[in-house]
1. Which residues, counting only those in segment 156-180, are modelled with pLDDT of 90 or more, part of a loop (DSSP other than H, G, I, E, B) and not hydrophobic (A, V, I, L, M, F, W, C)?
2. Mind counting the residues in segment 189-215 that are more than 20 Å from the chain's Cα centre (by Cα) and either closer than 30 Å to Gln41 by Cβ or at pLDDT 90 or above (or both)?
3. Restricting attention to segment 174-218, which residues are under 30 Å from Met58 (Cα atoms) and either loosely packed, with under 14 Cβ neighbours inside 10 Å or without any contact (Cβ under 8 Å) to a residue 24 or more places away in the chain (or both)?
4. Could you tell me whether any residue of segment 25-41 is modelled with pLDDT of 80 or more and aromatic (Phe, Trp, Tyr)?
5. What single numbered condition from (1) open to solvent by 70 Å² or more (accessible area, probe 1.4 Å); (2) in contact (Cβ under 8 Å) with a residue 24 or more places away in the chain fails to hold for Arg167?
6. Starting from segment 29-43, keep only residues that are without any contact (Cβ under 8 Å) to a residue 24 or more places away in the chain and open to solvent by 30 Å² or more (accessible area, probe 1.4 Å), then list their pairs with residues that are among the aliphatic types (A, V, I, L, M) and assigned to a helix (DSSP H, G or I) whose Cβ atoms are within a distance under 7 Å, requiring at least 6 positions of separation or different chains.
7. For segment 202-243, how many residues meet the condition of being touching a Pro at 6+ places or on another chain (Cβ under 8 Å) and part of a strand (DSSP E or B)?
Amino acid sequence: MKQKLLLTICLVAASMGMSAQNADIIEQKMIEYGRMVNNRQEIYYMVDSVGKVSDVVMSSTIDPDLNKDIKEFFASLPEFSGSGMFMVSIVPAENVQKSQGTVQQAVSGERKVDNSNSNRAMANRDAQRKQKEIIKQPGVGLPPILEKAEKMPYCIGGKEVLMKYFRENMKYPQIAREFGSQGRILVSFVVERDGSISNAVPVKSGDPYLEQEAVRLILGMPKWMPGVNGGRVCRVRFTMPVTFKL
């Protein structure tokens with residue numbers, strides 16, 4: 001295959017933790033899966049602190065046998081060099097072939113060009129741009145926000161990661177400190193399908209300076225593992241207290 005990869009795989013967000021070996025293995029497997037599906041499918045998976053894959057989730061319902069095969073494949077991967085959440089896309093082989101045909105028609109004469117690297121970079125940039133648009137406009141063209149899901153979202157790394165994040169990033173507002181303001185600010189927010197955080201708002205009114213800092217902290221949290229409902233990743237509303245103590 002001259003153009004080894006066009007749109008078959010998009011390694012997004014945490015791809016810096018993926019070894020070249022794993023990237024190559026996943027790329028080949030996604031091409032293989034592309035021959036088995038009729039619609040584009042996103043696969044979200046988490047890599048834990050020791051480099052092993054867990055919590056493999058599909059963006060939509062697929063054949064149970066294929067679903068099982070995908071999960072077994074990711075569980076069998078060699079250890080990753082980093083941790084975090086990853087996302088890859090399976091694109092039907094027919095769509096890839098059409099895209100490759102369009103590219104080949106644009107090449108004049110007998111000139112041969114291997115666009116695998118440039119196409120991968122373009123796919124990455126396009127996926128990252130779309131993710132930024134989701135964060136900026138979380139309510140546009142997206143499914144409804146659920147209050148509960150069969151599998152609720154959670155912060156990758158657990159409570160310890162969150163506590164460390166709040167300790168290291170909290171900036172106690174000086175004016176609130178001068179007035180002796182402290183307490184808990186309850187913040188409601190949405191965990192999007194890519195694990196990003198949006199729509200953070202204080203649930204109860206309190207000190208406006210503490211509220212502002214609480215919202216800033218929530219929006220800056222590390223990536224979460226998205227919720228799952230009916231076998232699909234979904235948008236879920238979550239509520240969390242942020243404690244300020246002098």
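The values are calculated or read from the model by the stated rules, or taken from the named source; none is laboratory data. Remember, it's a predicted structure, so these values are computed and weren't measured experimentally. Positions of Cβ are backbone-derived with ideal geometry, glycine not excepted, and every protein chain shown enters the neighbour counts. Ligands, DNA and RNA are stripped out before the accessible areas are found, and what is left, the full protein with its side chains, is counted by its heavy atoms. Shrake-Rupley method; radii C 1.70, N 1.55, O 1.52, S 1.80 Å.
1. Lys171, Tyr172, Pro173, Gly180
2. Counting residues in segment 189-215 that are more than 20 Å from the chain's Cα centre (by Cα) and either closer than 30 Å to Gln41 by Cβ or at pLDDT 90 or above (or both) gives 9.
3. Once the filter is applied, which keeps residues that are under 30 Å from Met58 (Cα atoms) and either loosely packed, with under 14 Cβ neighbours inside 10 Å or without any contact (Cβ under 8 Å) to a residue 24 or more places away in the chain (or both), segment 174-218 yields Ala200, Val201.
4. Yes, there is a match, as at least one residue in segment 25-41 is modelled with pLDDT of 80 or more and aromatic (Phe, Trp, Tyr).
5. (2)
6. Partner pairs satisfying both residue conditions: none exist.
7. Final tally of qualifying residues: 7.
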